[in-house]
Amino acid sequence: MKQKSWDIHLEEMMEAGVHFGHQARKWNPKMTSYIFTERKGIHILNLTQTARFLSEACDLLANAASGGKQFLIVGTKYQAADLVASAATRARCHYVNKKWLGGMLTNWSTIETRLQRFRDLEDKENMGLLNQLPKKEAANLKRQLAQLRKNLGGIKYMTSLPDIVIIIDQQKEFTAIQECITLGIPTICLVDTDCNPDLTDIPIPANDDARASIRWILNKLTSAIREGRYNSMEIK
Amino acid sequence: MEIAAAMATRSVAVSTGLCGQGSREVARAVGGGAIQSSSLLGMKSSRLLGVKLRAPTGGQVVAAGVSRVQCRVAVATPRVKDDLMAEAEERWYNALESPLEGVEFTYEEFADALSKYDFSFEIGDTVKGIVFKADYNGALIDIGAKAPAYLPLEEACIYKLKSVEEVGLVAGVEEEFSIIRDDDKNGRMILSMKKLQHDFSWERCRQLQMDDVTIRGKALSANRGGVVVDVEGLRGFVPFSQISARQNPEDVVDKELPLKFLEVDEERTRLVLSNRKAIAENHIAFGIGSVVVGTVQSVKPYGAFVDIGGVSGLLHISQISHDRLTSVETVLSPGDKLKVMILSQDKERSRISLSTKKLEPTPGDMLRNPALVYEKADEMAKTFRQRVAQAEAAARAEELRLQQEGGFGLRGDFGSTANALGLDLLDLADIPPAVQV
């Protein structure tokens, strides 16, 4: 598809602090090409490259969305958790914002069993069957339901493996990245100066610590997804 | 400069890119089933650079030295994603090849704008921040710097806290903080609200000192020289000499005392208070000869300490009853309520002398029938006052006579004595005139 302008402005990015990297002594040398300079002991990322990669990522997402593909957003940091949830619900994607359970993708069959249980318990609760049980059993089931909701709440409607996975902090979500590599799922990842850009398919060099930065990037990506879906509906 | 920089990035990127690309292509080719000779190249380059070799989708052995991937899902899922992956890689390659295509701003603009958006937070700065997560050990606050800053529990308030919610820090609240440490190993800054509260408290103490207000403070501990009290969250000191003499310093610990400020000096962190100064005010309320209800605080061999209205006075053994008493314990015990009359008070040394002797209708009643004394106390006090007034009148008459006789009269100043005795408040209307006995 022809490249569309995604409104990536320099001032917005700098306001959000996207260009700040981590401390200079904690860097990953593979990020040399993405780093602009060092200031006051902190690396500064090259925002031109950020913009470029971000636009490519948005195009990819828009294309995929118009093709009806499924997406998964993974972000378990404190700062990112609620942002991920709100962005994903806006864009109608799946998300993981509490702990990434090991084997969520590679052990998909087991996770599917859990999702089934989740659905069953929810139906039971909606129908009020839980209140008819003795107190202890009801309490147990409610606790199970709360746990399931906490861990799997974001992937409740996922029926098969996602097509593209968006990951917020590569260092933190290392398991997720490994699973995607094993399964051959393309990933878009926010890489900071202490991450390895070769692990992911499209790295977006950006600050993964500050909330404003995460929010801004997620906004762009989700708007691309929405755009793609809208286009596909139009075509239909 | 731009071209050179672009070329530099390109060369680095291309070298990594090609190898990365190469290994992926190799992996996919291998996934098709055939192990080609170029796989060795892919493996070698990947090991050189440390790039993770893409596991083949079929789960087959790539080459010696790389473990077989056992993944049912990887085997079972139909490979529709290949074209998506191909597109992703193609885009990535494009981004590397044409770094400025479609980008709205130039490299130089970015370089120039960098100085404009630099943040600098120094230690001691006051910043405004929004709380976005509170856990049991503190709170994470977004202050617009590179990373969110941390407010530990100890720094949240002067008083001891169980959780930051008690101070009102829940998600979404905006507050002022001051930076006390910056850039710990996570790049996070440590904030504090305590410091701001300290400044506030000192300001309040200064204000209270100027207004000369009496405040109550709880005594925390006693040390060699005085007592440490807690006032407005700050630690203040009350020297022994400034504690009202009625109370022992050790008894005072864990009690609330009325205090006034003596010295408030923030730079030297000196906060000195006085109990005696605060209590001195109370004494003026008591007039000599008035009857008050009191509770026995403690019993000593020489008398009893009776607490009246917050200050304690001494009820000497000789003043309890007309009859002779050997020990005070027979009549009084701590906690007894009785009415006492104030004999005299010494404001400077905060001493009040009390008496129940004068309140006995018949001498010796205190021992036999304390309840009677209690009831008749008011009557007796009045009688006492009358007798005092008579005595005064007699003395004044005597004085006048002496003066008329022209002798060296007593040149006393009766006016002040009369005031001290509370005589100016006395109503002498219903007293029969003095008759010669």
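For the reader, a short list of remarks on this structure follows.
- Matching residues in segment A:186-200 - criterion: being among the acidic types (Asp, Glu) and touching a strand residue (DSSP E or B) at 6+ places or on another chain (Cβ under 7 Å): A:ASP192, A:ASP194
- One residue stands out among those in segment A:150-171 that are within 12 Å of chain B (Cβ to nearest Cβ) and assigned to a loop (DSSP other than H, G, I, E, B): the one that is farthest from A:GLN116 (Cα to Cα), which is A:GLN171.
- Of all residues in segment A:71-91, none that is within 11 Å of another protein chain (Cβ to nearest Cβ) and touching a residue at least 12 places away in the same chain (Cβ under 8 Å) has its Cβ atom under 6 Å from the Cβ atom of a residue that is assigned to a strand (DSSP E or B) and surrounded by fewer than 23 Cβ atoms within 10 Å (Cβ to Cβ), 6 or more apart or on another chain.
- Members of segment A:189-222 found to be without any contact (Cβ under 8 Å) to a residue 24 or more places away in the chain and outside any strand (DSSP E or B), listed by number: A:ASP201
- Yes/no for A:GLY68 being more than 9 Å from chain B (Cβ to nearest Cβ), under 22 Å from A:THR200 (Cβ atoms), touching a residue at least 24 places away in the same chain (Cβ under 8 Å) and surrounded by fewer than 18 Cβ atoms within 10 Å (Cβ to Cβ): no
- Residues that are over 13 Å from the mean Cα position of the chain (by Cα) and without any contact (Cβ under 8 Å) to a residue 40 or more places away in the chain, drawn from segment A:175-188: A:GLN178, A:ILE181, A:GLY184
Residue-by-condition table, conditions (1) modelled with pLDDT of 75 or more; (2) within 7 Å of chain A (Cβ to nearest Cβ); (3) surrounded by 12 or more Cβ atoms within 10 Å (Cβ to Cβ):
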{"residue": "B:ASP82", "(1), (2), (3)": "no, no, yes"}
{"residue": "B:ALA88", "(1), (2), (3)": "yes, yes, yes"}
{"residue": "B:THR106", "(1), (2), (3)": "no, no, yes"}
{"residue": "B:PHE110", "(1), (2), (3)": "no, yes, yes"}
{"residue": "B:GLY129", "(1), (2), (3)": "yes, no, yes"}
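- Output for segment B:174-231, where each listed residue is touching a helix residue (DSSP H, G or I) at 6+ places or on another chain (Cβ under 6 Å) and under 30 Å from A:ILE42 (Cα atoms): B:SER178, B:SER192, B:LYS194
- Note on segment A:99-128: residues that are surrounded by 15 or more Cβ atoms within 10 Å (Cβ to Cβ) and of a type outside the set (A, V, I, L, M, F, W, C) amount to 6.
- Looking only at residues in segment B:305-332 that are under 38 Å from the mean Cα position of the chain (by Cα) and assigned to a strand (DSSP E or B), the one that is nearest to B:ASN275 (Cα to Cα) is B:VAL311.
The values are calculated or read from the model by the stated rules, or taken from the named source; none is laboratory data. Keep in mind the model is a prediction, meaning the values are calculated, not measured. Heads up, the Cβs are rebuilt from the backbone with ideal geometry, glycines too, and the neighbour counts pull from every protein chain shown.
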